[in-house]
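K.L.:
Have a look at this one.
The values are calculated or read from the model by the stated rules, or taken from the named source; none is laboratory data. Treat the numbers as computed from the prediction; the structure is a model and nothing was measured. Glycine also receives a Cβ, built like all others from the backbone with ideal geometry; neighbour counts cover every protein chain displayed. We work out accessible area using only protein heavy atoms, side chains counted, and drop any ligands, DNA or RNA first. Shrake-Rupley method; radii C 1.70, N 1.55, O 1.52, S 1.80 Å.
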Amino acid sequence: MNIAAVYLLKLFLEKFSDPIIRILLIALLLSVAVAVYHIATGEAGMSALFEPAGIALAILLATVVGFLFE
């Protein structure tokens, strides 16, 4: 990896220190835990993972947009 790539990676990872992104990361972890519980108990199928996928997509979009506009 060259120096420019390392610098860009560092800038991208710094976006995860934003308080809103941290809140979304916590929500993602809780949502995944609840979805896994529902799947394991048979209360829901794999469709229970749609909510965590949506939260993950929101995190990805927020960090990529923040990274591109910096």
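K.L.:
Could you please give the count of residues in segment 1-23 that are of a type in the set (D, E, K, R) and farther than 11 Å from A62 by Cα?
P.N.:
Final tally of qualifying residues: 3.
K.L.:
What about F69, is it of a type in the set (F, W, Y), modelled with pLDDT under 90 and within 14 Å of the chain's Cα centre (by Cα)?
P.N.:
no
K.L.:
Residues in segment 11-29 that are under 18 Å from V65 (Cβ atoms) and either touching a Lys or Arg at 6+ places or on another chain (Cβ under 6 Å) or not β-branched (V, I, T) (or both): how many?
P.N.:
Total meeting the criteria: 13.
K.L.:
Which of the residues spanning segment 30-48 are surrounded by 11 or more Cβ atoms within 10 Å (Cβ to Cβ) and under 30 Å from G66 (Cα atoms)?
P.N.:
Hits for segment 30-48 are L30, S31, V32, A33, V34, A35, A48.
K.L.:
I've got another one for you. Taking segment 49-64, which residues are within 28 Å of Y7 (Cα to Cα) and open to solvent by less than 70 Å² (accessible area, probe 1.4 Å)?
P.N.:
Passing the criteria: I55, A56, A58, I59, A62, T63, V64.
K.L.:
OK, next. So the check is Cβ under 9 Å with 6+ separation or different chains; which pairs have a first residue in segment 1-28 that's loosely packed, with under 10 Cβ neighbours inside 10 Å and a second one that's of a type in the set (A, V, I, L, M, F, W, C) and modelled with pLDDT under 90?
P.N.:
That search, which allows pairs on different chains as well, returns M1/L9.
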